[in-house]
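The values are calculated or read from the model by the stated rules, or taken from the named source; none is laboratory data. Since the model is a prediction, treat every value here as computed from it, not as a measurement. Here the Cβ positions follow ideal geometry from the backbone for every residue, glycine too, while neighbour counts run over all protein chains shown. Just the protein is used for accessible areas: all its heavy atoms, side chains included, with ligands, DNA and RNA removed. Shrake-Rupley method; radii C 1.70, N 1.55, O 1.52, S 1.80 Å.
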Amino acid sequence: TYREHELDDATLKNIQVIEDCECTRVTKLVIREMDTEDVTQLLSSTLCLPGRYTRELAGLVLMKTQGNPLFVIQFLRSIVQNKMLSFSVRARRWEWDCDIVDMQMISDGVAELLTTRFDQLPVAMMKTLNIASCLGHQVEESTIVALDSKNEVLPFSMQYQLQFAIQEGIVEKAGPLYQFTHEIIRKTIYEHIPLEHCKLLHKMIGESLLNSGAVNDIYLLAVDQINIYCKDAVLSQEKRSQYSSVNATAAKFSMASSSFERARCYIDVGINLLETDRWTEQYSLCLDLYEMSASVSCFKGDMNTMSRCLHETIANVKCFEDGLTSNTLLAKLLAASSKYDEAVNNCLSVLSTLGEEFPQDITMPIVLNELSVIQTILANITVDQMKLMPPMTDGPKLKAMKFLSIICVYSIISKPMMLPLISCRMVRLMTEYGFCDDSIIGLVTAGWTLYTFTNKIKFGYRIIKVAESLIQSRPTKSIIYSRSCGYFAWLKAVVEPVQSVMCDFGDAYNSSMLAGDIENAMLNRWAYCAASLYLHAGIPLVALSKNFANCVQHSAKYQQNTVLYATMPHFRACIYLTGEAQPKDAAERMSYKEIDKIGQATNNRFLIHHNVLGQMGIHFWSRDYVEVVKLSEKLPPSQMKRAMEYILFFYQGIAAICLARQTHDPKWRVMGEEAATWLSQLQSVSNWNFENKSILLQAELHYLDGDLELADSAYKASIKSAHDHKFIHEEALAYELYGIFCYENCLIDEGLKQLLLAIGRYKQWGAMKKVAEVRFLLELVDSADEIYI
């Protein structure tokens, strides 16, 4: 078989010789291309439908196959296989949707057939297709319009020529999008453009698009075209500077749309195009590119590149103001390396230059005085009042507010006594100079400090709710939300039903990732996992252990060391409760001692606190109460409450009362009563979150006092409260403790019933380690002569 236009003269001559040979009988079968009527008749007879029904489908088939009979059959088979053409039992006929059939890509054979006709196409159409092939497989109509607006690349209308290309089956149009009918076609056209001419075409396209006033996606496409040209081109200094500048602008567009990988490409090209004496001749452009490079590196977790860019920038800035962005990023770099003291000192140094001084030694009287000022200023705070405040316009104060908001996270980790002073200063600046986005961070931290340093929980909560409402009215609400969630969500988890707050951490993680704020993203991801383990217990432990594993993986990827180390103890506690073996890479994770050593060396109180909490969790659930109280005594003394601190008190209280019952040592009673008193105070703030915990501690105290009737009633009330408020892990715990109470007081059948119920709840939670331990407890008491657990 052959196509006549594909044969050379020698082959045609050989065929003619064979046909003329008398000893050979030759039958010549000519298969001509089918036209619309041929395809219509074929479909009509095959589908048993009138021609008027199949004519539109025939037109599509003809366009997709160029009328080649073999390709027609092949195309019809493909649309049947893809269920674009199917028989309807209800309608008793074949049915199709021409819009859907039009989406079926042409075959390789049709594409190759089309490429053989390129030499026969008009010159104008071929030039248009050359331009389109440089732009990729798909081209937005707006891009073609932009190129036509200047007619710098071609002197005629490309849109007009593309209509003919559509008729030829080379290009198709779907909405505002032109695309080649097959990648083979685009590739063939592109590869037939001479190399030097091709590079010049990319340059002409890019510059024409830039000259058309393109923005956003078209601007990025223009820069992409220029960068293809720049790859091996020898450029003048003027062109290098011009192209470096457009890459810097493209990087800004990409970062604004959270396309950080694409921004990295533009930044790298921009920096490579800079001159040797860049900091002298191209200072502003150089500053922009290096600051953006550090920002993108921060998001990608590339701390080496970030450090290199920051040090070069800081070494070359001409004035204090030019170094502010770099100092912001330097604080993030130091924090990511767990150097929180250095990060705080860096911010304090900048604030001092901006006229905001803080005392070196911060005592509790100073803290309480600042909190008193906050309470006075915000006593009657309302959302409407805040919205009526004038905007802050003072440049130095706006910069100071930015650094004050940055230092909040770092001070709470290494210098918690500083946080009330920071939040008070932000509130004062807001009242004196007006409102800005960072004022919301000031309000949130003010509410948080009232909770952590005083018992003004409801007042702090009211301030935080005002701040949360203000976030919704700000254009940059996603950025503010990601930075403030770590404060208001934890306080909301004290006052509101904790289950309703869990989504805040997930939303804040997503907002942070979109904003490129990797630091807060990882903190919110960690918070979601930790709160799910200790507070909510609404996620089965096996699924939660996968969330912890992802948190470890991403924290390591982005080099967020504090989050990485703080996740490990809780991850271990979660794995322990599931009863599963430690993951294969567990050996690579740091031990408790190693994490504690890092926390002590870097003065990271946040890390020390959570390292102890993770260990306490394991010992508490394994009923190793001596270790629980020993660990609680290891915590460094602090005059502020931390997130989930009430869990520590709850664990400590249960452990201490059990030890008091076993040893009759009065110090354990005192410790247990203190925990019970504090949980009782929290119950007055949120009955939903704390009733079951408070009543369970009271039940244990009644048992310690020998008041068995009150103890029995309190155990049952705690079980009911935990069930009603959906704390399945604490419902299981209450069943377990009540079962032990029953066994120890010779209520064997009731004790068996309660422990079996505990097993059921632990199973539901996914705590198979606890299931095994409670079952062992049942075996133990069955074989014991004297019952005491």
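Annotations
- Solvent-accessible surface of the range 498-578, averaged per residue with a 1.4 angstrom probe and all protein chains in place: 27 square angstrom.
- Taking the protein heavy atoms of the range 298-405 in the context of the full set of protein chains, the accessible area attributed to carbon and sulfur is 51 percent at 1.4 Å.
- Peptides 368-374, 483-489, 662-668 ranked from most to least packed by the mean count of surrounding Cβ atoms within 10 Å: 483-489, 368-374, 662-668.
- FRET efficiency estimate (nearest 0.05) - Cβ-Cβ, E56 to E261, R0 41 angstrom: 0.40
- Length gained when the stretch I18-L778 is fully extended (0.36 nm per residue, less Cα-Cα span): 263.8 nm
- Among the GluC sites (Glu not before Pro) in the range 277-332, none sits in a DSSP loop with a Cβ that has at most 11 other Cβ atoms within 10 Å.
- Proximity of backbone amide H atoms, modeled 1.01 Å from N, is registered between N603 and no other residue at under 5 Å, excluding neighbours fewer than 5 places apart on the same chain.
- Using only alpha-carbon positions in the range 406-554, the gyration tensor eigenvalues give semi-axes of 26, 17, 14 Å once each is multiplied by 5 and square-rooted (largest first).
- A compact globular protein would have a Cα radius of gyration near 2.2 N^0.38 Å; the ratio found for the range 589-735 is 1.08.
- Counting heavy atoms of the protein chains alone, H536 has an accessible area of about 40 Å² for a 1.4 Å probe.
- Accessible surface of K720 - all protein chains present, 1.4 Å probe, nearest 10 Å²: 130
- Considering only alpha-carbon pairs that sit under 8 angstrom and 6 or more positions apart, the relative contact order computed for the chain is 6 percent.
- Phi-based couplings in Hz for the range 290-297 (Karplus 6.51, -1.76, 1.60; Gly and Pro marked x): 6, 5, 5, 4, 5, 5, 5, 5
- Of the solvent-accessible surface of the range 185-262, computed with a 1.4 Å probe over protein heavy atoms with every protein chain present, carbon and sulfur atoms account for 52 percent.
- Surface share of carbon and sulfur [accessible, 1.4 angstrom probe, percent] for the range 479-532: 62
- FRET efficiency for D394 and D99, using Cβ-Cβ distance with R0 set to 45 Å, rounded to 0.05: 0.15
- At R0 = 60 Å, FRET efficiency that the Cβ-Cβ distance of E196 and E357 yields, to 0.05: 0.40
- Low-density loop cleavage sites - GluC sites (Glu not before Pro) in the range 683-789, where at most 13 other Cβ are within 10 Å (DSSP): E786
- A straight Cα-to-Cα reach below 13 Å connects K557 with the aspartates and glutamates D302, E519, residues fewer than 8 places away in its own chain not being considered.
- Dimensions of the range 488-544 from C-alpha coordinates, computed as largest minus smallest value along each principal axis and given longest first, are 30, 28, 13 Å.
- Cα principal axis extents for the range 685-789, largest first, Å: 45, 34, 17
- Backbone N atoms of the range 46-61 closer than 20 Å to the 7 Å Cα→Cβ label point of V80 belong to residues 46-51, 53-61.
- For the range 358-480, the alpha-carbon coordinates run over 37, 32, 25 Å along the three principal axes, in decreasing order.
- Ordering S469, S338 by accessible surface, largest first, gives S469, S338; the 1.4 Å probe counts only protein heavy atoms, with every chain in place.
- Candidate lysines - alpha carbon under 30 Å from K667, same-chain residues fewer than 8 apart omitted: K456, K593, K597, K630, K634, K641, K693, K716, K770
- Lys pairs, the range 165-266 - Cα-Cα below 22 angstrom, 8 or more residues apart or on other chains: 12
- The slack in the chain from V542 to K753, taken as 0.36 nm per residue of separation less the alpha-carbon distance, amounts to 73.3 nm.
- Among the GluC sites (Glu not before Pro) in the range 133-220, those located in a DSSP loop and surrounded by at most 15 other Cβ atoms within 10 Å of their own Cβ are E152.
- Proportion of all alpha-carbon pairs of the range 153-234 beyond 15 Å (%): 67
- Between M364 and R25, the simple label model (points 7 Å from Cα in the Cβ direction) yields a spacing of 11.7 nm.
- Protein-only accessible surface at a 1.4 angstrom probe places the residues W96, W279 in the order W96, W279, largest first.
- Centre-to-centre separation between the Cα atoms of the range 644-694 and those of the range 534-585: 27 Å.
- Principal semi-axes of the equivalent ellipsoid, √(5λ) from the alpha carbon gyration tensor of the chain, are 67, 40, 23 Å from largest down.
- In the context of the full set of protein chains, the range 44-96 has a per residue accessible area of 62 Å² (1.4 Å probe).
- Solvent accessible area, Å² - F435, 1.4 Å probe, full protein context: 20
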